[in-house]
Amino acid sequence: MSFRFITRSIHAYLIDYPIAIVLIAMPFVLNLGQSGPLAMWLSVVVGVAALLLAALTDHPTGLVHIIPYWLHLWVDRAVAVVFVIAPFAYKFAGLDAWYYWVLAAAVLLTTSVLNAPEDPFAARSGLGRRRAA
């Protein structure tokens, strides 16, 4: 059994929109921003952008299928890298720093290690299969 179980559908239904809402709400719940206002607002801005990204992605819950799913995953990974760097660059301390580092680890784990590979185009379309004569 493979541990790479996060498919496009799981990512769409269980991750994208709920995590975007968490990114918007949790800074207020956790009272982030003790080491600077950017510690709170970075998460809120990324959460709003994540809602937009999810709505524009070509997956089951996308409203307008403009952004390919593979690009969506790379944007998620880029945000995780920003979350790793931000506490150092902006001198976040304590909970402010740990919040972003935990989020970064979760995003990288979800989009890289646990992400199920997509079927190659040839396999989906039937290309490369022999047909009975």
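The values are calculated or read from the model by the stated rules, or taken from the named source; none is laboratory data. All of these numbers come straight from a predicted model, not from anything done at the bench. We place every Cβ from the backbone using ideal geometry, glycine too, and count neighbours over all the protein chains shown. Quick note on the areas: whole protein, heavy atoms, side chains included, nothing else; ligands and nucleic acids left out. Shrake-Rupley method; radii C 1.70, N 1.55, O 1.52, S 1.80 Å.
In the condition set (1) part of a helix (DSSP H, G or I); (2) open to solvent by 70 Å² or more (accessible area, probe 1.4 Å), residue 44 is compliant with all but (2).
Can you say whether residue 63 is on the phi < 0 side of the Ramachandran plot and either within 14 Å of the chain's Cα centre (by Cα) or surrounded by 15 or more Cβ atoms within 10 Å (Cβ to Cβ) (or both), as far as the supplied structure shows? Answer is no for this residue. For residue 91, the conditions (1) surrounded by 17 or more Cβ atoms within 10 Å (Cβ to Cβ); (2) modelled with pLDDT of 95 or more; (3) charged (D, E, K, R) are fulfilled apart from (1). All conditions in (1) part of a loop (DSSP other than H, G, I, E, B); (2) small (Gly, Ala, Ser); (3) at pLDDT 95 or above hold for residue 78, with the sole exception of (1). When 111, 61 are screened for being out of contact with any Cys (no Cβ under 7 Å at 6 or more places or on another chain) and not in a helix (DSSP H, G or I), only 61 passes. Criterion applied to 73, 109, 127 was being closer than 23 Å to residue 4 by Cβ, modelled with pLDDT under 95 and loosely packed, with under 15 Cβ neighbours inside 10 Å, and the one residue passing it is 109.
Pairs under 6 Å by beta carbon, first residue modelled with pLDDT of 95 or more and part of a helix (DSSP H, G or I) in segment 11-27, partner surrounded by fewer than 15 Cβ atoms within 10 Å (Cβ to Cβ) and among the aromatic types (Phe, Trp, Tyr), six or more apart or different chains? Between residues of segment 11-27 that are modelled with pLDDT of 95 or more and part of a helix (DSSP H, G or I) and residues that are surrounded by fewer than 15 Cβ atoms within 10 Å (Cβ to Cβ) and among the aromatic types (Phe, Trp, Tyr), there is no close pair.
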